[in-house]
1. Taking the Cα atoms only, what angle lies between the long axis of helix 508-521 and the longest principal axis of the chain, rounded to 10 degrees?
2. In nm², what is the average projected area of the convex hull enclosing the Cα atoms of the chain?
3. Could you tell me the relative contact order of the chain? Use alpha-carbon pairs under 8 Å, at least six residues apart, and round to a whole percent.
4. Leu6: net charge of surrounding residues, Cβ under 15 Å, Lys/Arg +1, Asp/Glu -1, itself excluded?
5. What do you get for trypsin sites (Lys or Arg not before Pro) in the range 262-304 restricted to DSSP loop and a cutoff of at most 12 other Cβ within 10 Å of the site's Cβ?
6. Report, in whole Å, the centroid distance computed from the Cα atoms of the range 36-68 and the range 449-469.
7. Using θ = phi - 60° and the Karplus form 6.51 cos²θ - 1.76 cosθ + 1.60, what ³J(HN,Hα) does each residue of the range 239-244 get, whole Hz, x for Gly and Pro?
8. For q values of 0.14, 0.18 Å⁻¹, compute log₁₀ I(q)/I(0) with the Debye formula on a Cα-only model of the range 30-129, without solvent.
Amino acid sequence: STLPTLLLLPKCKSQNHVNQIHARIITTGFINNTSLTTKIILNFISSPHSSLLQFARYVFFSRHAFQDSRERDDPFLWNVIIKSYSHGCEPIRALTLFSDMLENGVSVDRFSFSLVLKACSRVGLIKEGMQIHGFLAKLQIGSDLFLQNCLISLYFICGCPELARRVFSRMENLDSVSYNSMIDGYVKCGMIDSARLLFDRMPLEDKNLNSWNSLIWGYAQSEDGLKVACELFDNMPERDLVSWNSMIDGYIKCGKMEDARHLFDRMPKRDVVSWASMVDGYAKLGSVEIAAAMFKKMPNRDVIACNAMMAGYVQNGFFKEALAVFDYMRGECNLKPDATTLLIVLSAIAQLGYLDEGRDIHGYIEVNRIYLGAKLGVALIDMYSKCGSIEHAMLVFGNIEEKDVDHWNAMICGLAIHGLGELAFDLFMEMGRISVVPDDITFIGVLSACAHAGLVKEGLMCFEIMRRIHRLEPKLQHFGCVVDILGRAGKLEEAWKVVEQMPIEPNDVIWRTLLSACNNHGNLKIGEPVAKHLISLDSSNSSSYVLLSNMYAGFGMWSNVSRVRTMMKERNLKKIPGCSWIELEGIVHEFLVQDKSHPQVTEICSFLDYMSTPNSEITHSRNSDLVES
């Protein structure tokens, strides 16, 4: 009997279970029982466990596809397998399978077409989608209302609203799905006027919540349209959570938190999206305490809500608090982090310099086999770079198979902050060799690297490559890097000329870069007018006064030093103290200039005094280390 095997199918969850089922049906001969193998396919094909899904496909291709002539007339099982691809991780395979069906004379039905159109939509295959459209036009089912609606969705998703409009205008029959697909498509393409025109023309019986919600969401995306969205919202015959959340989201995007809060308080029922939107809105306005209070009041919290709270903390500089939410999320809430969660957490870790925690997240990514492409790989490279482990950053970069320009940028910028200018420049040249097109961020990274490494010739060459070869218009940051390159090299006249000839107005950062270079190289002729200009631009920034005072002191101009310091006192300006920190055994210790708040400050100062005194034992140890290295 096949009954014992059938009873085991719902209990299967792992590769080991699959192996046992496979062995059982082979040894019993039930592998030839098409009824049983069909049930195995149907049980396993929608499983979240990849081993079960792969086995279902294996059984189909080895025991059903092209095996039984009766199945050529019934595409049911074929459609089940195609759906596993079109709605899964390999949508392109759905097209391949669809082509196999046609080539081998297997019947296709409306569901076969809808699934393959879905696959084209997911990966933006407009050319293939148009070929399927052309094929449909030759068939009797080509005028099927369901398939016509699928074509409208395909063309909008692929960014072809005119093609969608043509399909819609030629349809003999229309339903609410047809209208709503067009309205939603117009809204998402930014064609709100076309959406409104169609909404007003739409038969009353076809208008439903989706029609109203799509239009409200479209108008609520801009401050100009918010008033129209409010009118639509007030005139709706009925409202659901989507209606309320769309309006709240619109108010928040326009910075109208009071109106958003008023609407939130009026809601008859709230969901996680409502709460998360409010948390996100308050956090973006800098009201972190209110955001945190709302987060605590939430009756239920999901990953999206936790992400909103963590992102709010990170945006406002509360990095430790963001990590506390992450720990709470994984611990008390027992929620599984998604890619967005990991991006936020890595950003917080990078800012704090918590290398051990960063390694833990990297380990979690590897254990769970999370794809390191796109933003997550960039965040991991950035985290290791900022936490001081450039070697790990380079390993991550090397292990990413499909690198885009963002990965290259992260690695170049990482090398730059570690002073490895030559490696950064070599990496930039490698981009050119393998035809990776750099963007403006690439050039900021490589120019900064050249500045820190004293690579004047290479830096100026990169600036020319940017302008002449890639036709990129330099921004303030690029000019700032060039001024820094020349200033560090003592080419102050050239740096001054660059600032004077800039096509855009130099900001205070560029002037301060030039002033710092003048201070380092003792050039009062350029430095004094630059400092005075900076003070006129921003009289509340103490750094300009300090640099000017240092230059005067360097030339022994003590009366001028006294005058500058008097100006600072009159304007109640104080020099911002320098800060450094070090991670030791998972704890980050922070030190400010002349700060004595650390609990072990006495022992630290005592040891530093001991290190700085002439000591034969320490001197011998240092010399030995130098010889060995």
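The values are calculated or read from the model by the stated rules, or taken from the named source; none is laboratory data. Remember, it's a predicted structure, so these values are computed and weren't measured experimentally. Note that each Cβ is placed from the backbone with ideal geometry, even for glycine, and that neighbours are counted across all protein chains shown. Protein only, heavy atoms only, side chains kept; ligands, DNA and RNA dropped before computing areas. Shrake-Rupley method; radii C 1.70, N 1.55, O 1.52, S 1.80 Å.
1. The two axes meet at around 40 degrees.
2. Details: hull surface 167.7 nm².
Result: a mean projected hull area of 41.9 nm².
3. Working: 753 pairs, mean separation 24.6, N = 629.
Rounded, it is 4 percent for the chain.
4. Details: positive: Lys11, Arg24, Lys39; negative: none.
Local charge sum for Leu6: +3.
5. Working: sites: Arg266, Lys269, Arg270, Lys284, Lys296, Lys297, Arg301; in loops: Lys269, Arg270, Arg301.
When the trypsin sites (Lys or Arg not before Pro) of the range 262-304 are filtered for loop state and at most 12 Cβ neighbours within 10 Å, Lys269 remain.
6. The range 36-68 and the range 449-469 have Cα centres separated by 58 Å.
7. Working through the residues one at a time gives 10, 10, 4, 4, 4, 4 Hz.
8. Values returned for q = 0.14, 0.18 Å⁻¹ are -0.50, -0.82.
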